[in-house]
Amino acid sequence: MVEHKSFMNMRWEMKTVDESDVERLSTVLGLPKLVARVLCSRGFSEPSSALEFMKPSIERLHDPFLMADMDLAVKRIISALRNREVILIHGDYDADGICATALLSSKLSQWGSKVYWFIPDRFVDGYGVSMRAINAARSVGATLMITCDCGITSYKEVEYARSLGIDTVIVDHHSPKGFLPNAVAILNPKRLDCKYPFKELSATGVALKLLCAIADEGKFESPLDDELCLDLVGIATIADVVPLVDENRSLAWHGLNALSKRSRVGLRKLMECAGLRSSRITGAHVSFIIAPRLNAPGRLEDARDALRLLLARNETEAEALAVRLDELNRERQDEEERVLEEALELVAERVDLSSDLVIVLSSHRWHQGVIGIVASRLVELFHRPTILISVEGETGKGSCRSIQGFDIAMALDSCSNLLVSYGGHQMAAGLVIREENIEKLRFAINEIARHWLSENELTAKLNIDAQVHPNELSLDVAHKMMLFEPCGCGNPKPTLALFGVKVIESNIHGSGGKHLRILAEAYGTELEFVGYRMSHMVDTLTAGHSIDLCFTLGIPHSDPSKLSLQIKALRHHSDR
């Protein structure tokens, strides 16, 4: 495996806090000082704001009618409910699109509508509203189509539906391009004319706001009181890597509470298949266990099985689907590792990181369904915007992932003459391109990056919440750190630092030889650290040498009596 020592090439930035605020927060809320210090480093130095952060209220969500076209969408859907019209829900093949489809399908069915759903095939339909779906809507007599996680650029498809007597309500969160489709209503906080105060909802979050508005207008029960709504929005909000702030934190927090109750039979069986037995579901469980299994069918085969799992009502059906998703996830992992290995070799052979500010690579051997995951991994390793393109015949389909300071969707706008189609948002996008234009795209987007990105933005920054003493690392503190859940984009797991730690020994750890284990001594205390996918660094660590460590604190599921100290970055102590 080709690896990159990016874990050493970071700019460490220690946050500073007022110790009097730490003392006050610790005393008033009865928290360990380390937890209070991290809260202060995150900007929650007042007890009231800290409490709201730790236990966000579901009652403080923004009024859904602040969203542009919400009144039009509600009016059309309530009319469809009252007139018993057939509704088609058009979703997408990732976890967010699947959850949004499950949410709208199940709730509108409960409220009396005849609902069908359609999930596009990544390899047949591509991304976006499918003509095949519109024909399917006509065949079942649908007069209303609601899109989930797509539709904002589906101009021709919406017109085609209209010509067949099918109205469209678009529920999306991707960035619009120019004018909007001629739909009955378009719900998207990123619309330039939308005054909704929070712009970063997932598509399932937008779907939930729509259901809240329908419930309010139609006098139905609120979806905010339904665990079988909150679990879906919790998964989607974390899985789609939207910032876990503002409304998203509240939705994800309450979603995790609902998930922990395991009320949905399909998710309960999926967790059992994955060996997830923890009584409290965390953001990491969603990111690394649940969401990958919901995404796996859409990456490799048919995403409909993931939706069937979420809608399953009996244990036999749910268990069979859960087993299938678990098998597909293992296949996905194998394929991802193969593509990652090849991509890393191409980076070593073809990319000069001193001049290539955007990594653009292509291959006829790469599976289209996993290149987005691999692109994210390359961004993590090299801190460069990355575009990976899977070529079949004369056409390539690409996945783009970016870094702060480089709006990948806007960059693709500037290269649109080279692209067949594209779409996305600041940090992630997709594209279709003729193979003959790939090298031209690499040149053009790197020229843009040289104007947009500074040296500062090209150096990965690691924000450290607090420096710690070993005597602060206890099981009680680890349990209290759970108050920061759900962690993820916009609310990372608290990052702690120890400086001048003496290496006792280091070795390769875990199956496959991918991980690093360090036994170290700090202030007379021995501590064990694990660095996932960091085995390549074992040769740089010599017994007796001093290092600095950034790490997160947790409790392993395999042994709740131990602490888990997971390395995020390390450096030689002399490099400070």
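The values are calculated or read from the model by the stated rules, or taken from the named source; none is laboratory data. Predicted model, so just to flag it, every value in this text is computed and none were measured. Note that each Cβ is placed from the backbone with ideal geometry, even for glycine, and that neighbours are counted across all protein chains shown.
Would you confirm, using the coordinates I've provided, whether Lys156 is basic (Lys, Arg), closer than 21 Å to Lys107 by Cβ, more than 20 Å from the chain's Cα centre (by Cα) and surrounded by fewer than 19 Cβ atoms within 10 Å (Cβ to Cβ)? No; evaluated as a whole, the condition is false for this residue. May I ask you to verify whether Arg299 is part of a helix (DSSP H, G or I), modelled with pLDDT under 95, in contact with a helix residue (DSSP H, G or I) (Cβ under 7 Å, 6 or more places away or on another chain) and surrounded by 18 or more Cβ atoms within 10 Å (Cβ to Cβ)? Yes: the conditions hold for Arg299.
Here's a check for you: in segment 368-378, which residue that is modelled with pLDDT of 95 or more and in contact with a Ser or Thr (Cβ under 7 Å, 6 or more places away or on another chain) is farthest from Arg330 (Cα to Cα)? The extreme case among them is Leu378.
Number of residues in segment 413-433 that are surrounded by 19 or more Cβ atoms within 10 Å (Cβ to Cβ), without any contact (Cβ under 8 Å) to a residue 40 or more places away in the chain and either in contact with a Cys (Cβ under 8 Å, 6 or more places away or on another chain) or more than 22 Å from Ile373 (Cβ to Cβ) (or both) equals 3. Elements of the type strands (runs of 3 or more DSSP E) sitting completely within segment 451-528 and holding at least 2 residues that are without any contact (Cβ under 8 Å) to a residue 12 or more places away in the chain and in contact with an Asp or Glu (Cβ under 8 Å, 6 or more places away or on another chain): there are none.
Residues being out of contact with any Asp or Glu (no Cβ under 6 Å at 6 or more places or on another chain), part of a loop (DSSP other than H, G, I, E, B) and surrounded by fewer than 23 Cβ atoms within 10 Å (Cβ to Cβ) are represented in segment 387-396 by at least one member.
Restricted to segment 220-239, and to residues there that are among the charged types (D, E, K, R) and surrounded by fewer than 24 Cβ atoms within 10 Å (Cβ to Cβ), the residue that is farthest from Gln404 (Cα to Cα) is Glu221. Residue pairs whose Cβ atoms lie under 7 Å apart, sitting 6 or more positions apart in sequence or on different chains, and linking a residue in segment 338-350 that is without any contact (Cβ under 8 Å) to a residue 60 or more places away in the chain to a partner that is exposed (fewer than 13 other Cβ atoms within 10 Å of the Cβ), are Glu342/Arg365.
Per-residue answers, yes or no, for (1) farther than 30 Å from Cys229 by Cα; (2) touching a strand residue (DSSP E or B) at 6+ places or on another chain (Cβ under 6 Å):
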| site | (1), (2) |
| --- | --- |
| Ala318 | no, no |
| Asp326 | no, no |
| Glu336 | yes, no |
| Glu349 | yes, no |
| Ser376 | no, yes |
| Glu380 | yes, no |
| Thr386 | yes, yes |
| Glu392 | yes, no |
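Would a scan of segment 85-92 turn up a residue that is part of a loop (DSSP other than H, G, I, E, B), over 22 Å from Trp253 (Cα atoms) and over 26 Å from the mean Cα position of the chain (by Cα)? Looking through segment 85-92, at least one residue is part of a loop (DSSP other than H, G, I, E, B), over 22 Å from Trp253 (Cα atoms) and over 26 Å from the mean Cα position of the chain (by Cα). Within the set Ser45, Ser20, Ser79, the sole residue that is within 18 Å of Ile186 (Cβ to Cβ), without any contact (Cβ under 8 Å) to a residue 40 or more places away in the chain and not acidic (Asp, Glu) turns out to be Ser79.
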